[in-house]
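Structure first, commentary second.
The values are calculated or read from the model by the stated rules, or taken from the named source; none is laboratory data. Predicted, not measured: the structure shown is a model, and the values here were computed from it. Counting neighbours? That spans all protein chains shown, and the Cβs are built from the backbone with ideal geometry, glycine included.
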Amino acid sequence: MEENNKKRVKLIMVEDQPYIVSSDEIKIGDKALVTVGGQFPSIVLCENEMVLKLITDSKLSLTAAFKVFMEPELIKFEPQQIEKILENGGMMEVQFDGQNYNYSI
């Protein structure tokens with residue numbers, strides 16, 4: 001992410017772990033979070049063209065794929081902050097200041 005650019009991201013819980021995802025284009029080598037009807041989130045590694053097509057060109061209209069922006073080990077939110085973000089539908093803005101990511105609901 002370039003410095004001072006703002007981006008809309010979403011916090012989604014997968015097996016009690018927070019992931020921050022974006023609607024950026026998913027490419028081979030990326031991790032993606034895939035949901036069916038907004039439920040049953042799972043993490044998929046797009047290791048080749050076949051996997052990429054399965055999640056991005058799905059024939060199932062309820063399947064949605066998001067690029068993983070930040071994984072749980074890098075997320076420093078307190079449990080209360082995660083609850084507040086989820087109350088807002090998980091949506092937030094992120095801005096990179098050159099050293100840190102700054103989030104706002």
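Counting only strands (runs of 3 or more DSSP E) that sit completely within the stretch 46-105, those holding 2 or more residues that are within 21 Å of residue 35 (Cβ to Cβ) correspond to 63-70, 91-96. In summary, residue 3 fulfils each of the numbered conditions (1) at pLDDT 90 or above; (2) part of a loop (DSSP other than H, G, I, E, B) with the single exception of condition (1). Across the stretch 45-67, not a single residue is classified as exposed (fewer than 11 other Cβ atoms within 10 Å of the Cβ) and touching a Lys or Arg at 6+ places or on another chain (Cβ under 9 Å). Among the residues of the stretch 83-105, those that are loosely packed, with under 13 Cβ neighbours inside 10 Å and among the small types (Gly, Ala, Ser) comprise 89, 98, 104.
Within the stretch 58-83, residues that are farther than 22 Å from residue 7 by Cβ sit with their Cβ atoms under 7 Å from residues that are not hydrophobic (A, V, I, L, M, F, W, C), at 6+ positions apart or across chains, in these pairs: 62/37. The residue that is nearest to residue 65 (Cα to Cα), among those in the stretch 19-39 that are surrounded by fewer than 14 Cβ atoms within 10 Å (Cβ to Cβ) and touching a helix residue (DSSP H, G or I) at 6+ places or on another chain (Cβ under 8 Å), is 27.
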